[in-house]
Structure formats: C-alpha cells, structure tokens
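Right, one structure below, let's go through it.
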Amino acid sequence: MMKMRSRLLLTSLPLLLACHVQADTRPSHYKGEPAETLTQAVSNFTDYNARLAELLAGELTPQALSEVHQLTYTLENALARINEETTALADTLEAVHVASESNQPGVVRDRGEAYLEVSRSLVPQA
C-alpha cells in the first residue's frame, strides 16, 4: 500500500509542477478602479460597460482581450458595491412598506427619504 502511494506521488509530481508553472504564466492581475461609494460604482459601471461594448463590437485581438481582462476588474468592483448598496436599499424600502401598513408616518418619512437619497444614485435625474 505504501509503495502504491509513493508511486502515485512520483507519477503525479510532474503534472502538479506543470500546473504550477502554467498558473504562473497567466496575465498579471489588476485591482481595477475603486467603488467606494454607490455614486462612484454607478459611474464606473456606466463608463466601463460602454468600454466593454466598444471592445465587443470590434475584433477581439489579443490586445482587445487584454483590455477586456483589465476592465472587468473595475466592473466587478462596481457590481460588488452596487450589490451591497442595493441589498441595504431593499431593507430600507421594506421598512417603508411595513411602516405604511402599520400607520407609522414618521418612519415612512424618515426611511422613505433615506430610500430616495440612495435610489437616486442608481438612476439619472431629469
């Protein structure tokens, strides 16, 4: 049994080393633009989606693929912030909903204004 494990390890070692070397040859990674606020996240989301659309409309050359790779980091950062903020926003809206059902005008006003303040960051105002 021990000889079988040793043989398996010895035959698997070159494969494991090859995988390690291959992993090290991947393109370097980027941090992307930060999304510290919802407004910044929505702005980056809008701008970088436009950039992605431009790249996808053209030939996906190695340079274009590299650009796509880079900009996805900013999009991921933006989406993470948007997701975090909209999850909290849904909770705020639920508080408005429940307060409206239970005749709590003070809570409706307070939570409703908080909801609108955040939600306005998601859509352009006319």
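Mind checking whether some residue in region 83-90 is at pLDDT 95 or above, over 30 Å from Q104 (Cα atoms), assigned to a helix (DSSP H, G or I) and not hydrophobic (A, V, I, L, M, F, W, C)?
Scanning region 83-90 turns up no residue that is at pLDDT 95 or above, over 30 Å from Q104 (Cα atoms), assigned to a helix (DSSP H, G or I) and not hydrophobic (A, V, I, L, M, F, W, C).
Out of all the residues in region 68-82, is one or more outside any helix (DSSP H, G or I), within 24 Å of R120 (Cβ to Cβ) and hydroxyl-bearing (S, T, Y)?
Start the filter on region 68-82 by keeping residues that are outside any helix (DSSP H, G or I), which leaves none.
No, that holds for no residue.
Taking A41 as meeting all but one of (1) over 17 Å from the mean Cα position of the chain (by Cα); (2) buried (at least 16 other Cβ atoms within 10 Å of the Cβ); (3) of a type in the set (A, V, I, L, M, F, W, C), write down the number of the exception.
Failing condition for A41: (1).
Let me spell it out: the conditions are (1) modelled with pLDDT under 95; (2) among the aliphatic types (A, V, I, L, M); (3) not in a helix (DSSP H, G or I), and L60 meets all of them except one. Which number is the exception?
(1)
Can you confirm whether E76 is within 17 Å of A41 (Cα to Cα), loosely packed, with under 15 Cβ neighbours inside 10 Å, over 21 Å from the mean Cα position of the chain (by Cα) and among the charged types (D, E, K, R)? Before you say what the answer is, go through the steps one by one.
Details: within 17 Å of A41 (Cα to Cα): yes; loosely packed, with under 15 Cβ neighbours inside 10 Å: yes; over 21 Å from the mean Cα position of the chain (by Cα): no; among the charged types (D, E, K, R): yes.
It is false that E76 is within 17 Å of A41 (Cα to Cα), loosely packed, with under 15 Cβ neighbours inside 10 Å, over 21 Å from the mean Cα position of the chain (by Cα) and among the charged types (D, E, K, R).
Residues in region 21-28: is at least one more than 27 Å from the chain's Cα centre (by Cα), at pLDDT below 95 and more than 30 Å from S119 (Cα to Cα)?
Applying the first criterion (more than 27 Å from the chain's Cα centre (by Cα)) to region 21-28 yields 21.
From the residues that got through so far, the ones that are at pLDDT below 95 too are 21.
The next check asks that each one be more than 30 Å from S119 (Cα to Cα); those that pass are 21.
Yes.
Enumerate the pairs (first residue in region 106-124 and hydroxyl-bearing (S, T, Y); second residue anywhere and part of a helix (DSSP H, G or I) and surrounded by 12 or more Cβ atoms within 10 Å (Cβ to Cβ)) with beta-carbon separation below 7 Å, excluding pairs fewer than 6 apart on the same chain, so at least 6 apart or on different chains.
Close Cβ pairs (under 7 Å, with a partner that is part of a helix (DSSP H, G or I) and surrounded by 12 or more Cβ atoms within 10 Å (Cβ to Cβ)) amount to Y115/L89; Y115/T92; Y115/L93; Y115/V96; S119/L89; S121/L38; S121/T39; S121/V42.
Go through (1) part of a helix (DSSP H, G or I); (2) loosely packed, with under 15 Cβ neighbours inside 10 Å for K31 and report which single condition fails.
Of the numbered conditions (1) part of a helix (DSSP H, G or I); (2) loosely packed, with under 15 Cβ neighbours inside 10 Å, the odd one out for K31 is (1).
Find the residue count for region 92-126, including only residues that are of a type in the set (S, T, N, Q), in a helix (DSSP H, G or I) and more than 24 Å from V42 (Cβ to Cβ).
Going residue by residue through region 92-126, those that are of a type in the set (S, T, N, Q) are 92, 100, 102-104, 119, 121, 125.
Going one step further and asking which of them are in a helix (DSSP H, G or I), we end up with 92, 100, 119.
Filter once more, keeping what is more than 24 Å from V42 (Cβ to Cβ): 100.
Matching residues across region 92-126 total 1.
The values are calculated or read from the model by the stated rules, or taken from the named source; none is laboratory data. Keep in mind that what you see is a predicted model, and the values were worked out from it rather than measured. All Cβ positions, even for glycine, are placed from backbone atoms using ideal geometry, and neighbour counts span all protein chains on display.
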